[in-house]
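As structure tokens, the structure follows; a few thoughts come after it.
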Amino acid sequence: MSASTMPLGQLLDAIHFAAFKHRAQTRMDAAKTPYINHPIGVAHILFHEGGVDDAATLMGAILHDTVEDTDTSLAEIEERFGPEVCRIVKECTDDKTLPKMERKRLQIETAPHKSHKAKLVKLADKIYNMRDMQINPPVDWTRERCIEYFAWGQKVTDGCKGTNAKLEGIVDGIYAQGPFGNADKH
């Protein structure tokens with residue numbers, strides 16, 4: 001068995017691929033954090049906090065934004081990482097040809113109908129984004145926009161209920177804190 005056919009080798013291949021694809025991208029926070037921190041963080045949440053050790057799910061987490069945010073195609077994902085990982089990535093990819101509000105509406109509407117593995121990635125993705133917003137909000141977002149994003153994220157994760165009790169408990173705790181975390185309590 002070659003390194004790239006072993007689950008750990010495949011996961012490293014996915015990390016390497018995503019790092020290359022996201023190499024010029026940054027998050028919207030003041031520090032302009034390298035974008036790759038996000039998909040790695042999503043996989044980290046799945047494994048360390050959600051107890052998810054399925055290689056395809058972790059690779060889907062690493063690759064979940066490549067098709068949506070880079071020049072990567074689903075065909076490329078399938079060829080390099082197989083049909084199962086491709087299905088997860090596809091389920092987590094917004095259609096960028098649609099208007100933003102339609103994409104957001106569809107995320108809420110389709111969340112309950114996604115596969116178990118795609119729901120896991122969605123939950124961890126929203127956990128990462130909501131935590132990030134609490135400590136490093138996008139620099140050009142108003143307080144109102146942060147509140148709206150938080151409310152929308154909750155609707156998406158509500159559609160993923162019944163997937164992973166650990167992740168859902170984390171989500172509930174984040175939403176109980178609010179979009180500005182403990183800073184809002186003082």
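Laboratory data are not the source of any read-out in this text; all were calculated from the coordinates shown. Everything numeric in this text was worked out from a predicted model, so none of it was measured. FYI the Cβ positions are ideal-geometry reconstructions off the backbone, even for glycines, and counts take in every protein chain you see.
Here are the numbers:
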| read-out | value |
| --- | --- |
| Convex hull volume of region 126-184 per residue (C-alpha atoms, cubic angstrom) | 69 Å³ |
| Residue pairs, from the table Lys32/Lys104; Lys96/Lys161; Lys21/Lys117; Lys100/Lys122; Lys21/Lys161, whose Cα atoms sit over 28 Å apart | Lys21/Lys161 |
| Semi-axis lengths, Å, region 1-108, gyration tensor of Cα atoms, sqrt of 5 times eigenvalues | 22, 17, 14 |
| Other-chain or far-sequence residues with amide H under 5 Å of Thr26's (modelled H) | Tyr35 |
| Residue (of Val89, Tyr128, Phe20) at the positive-pole extreme of region 1-159, dipole from beta-carbon charges | Tyr128 |
| Helix-only [θ]222 nm of the chain, DSSP H runs n ≥ 4, -39500 (n - 2.57) each, per residue, nearest 500 | -18500 deg cm²/dmol |
| Cα shape, region 52-124, gyration tensor, a/c 1.5 rule | oblate |
| Exposure rule at most 13 other beta-carbon atoms within 10 Å, DSSP loop trypsin sites (Lys or Arg not before Pro): the chain longest free segment | 97-186 |
| Size of electric dipole in the chain: Cβ of Lys, Arg +1 and of Asp, Glu -1, about Cα centre, debye, nearest 20 | 320 debye |
| Prolate/oblate/rounded call for the chain, Cα gyration tensor, a/c under 1.5 rounded | prolate |
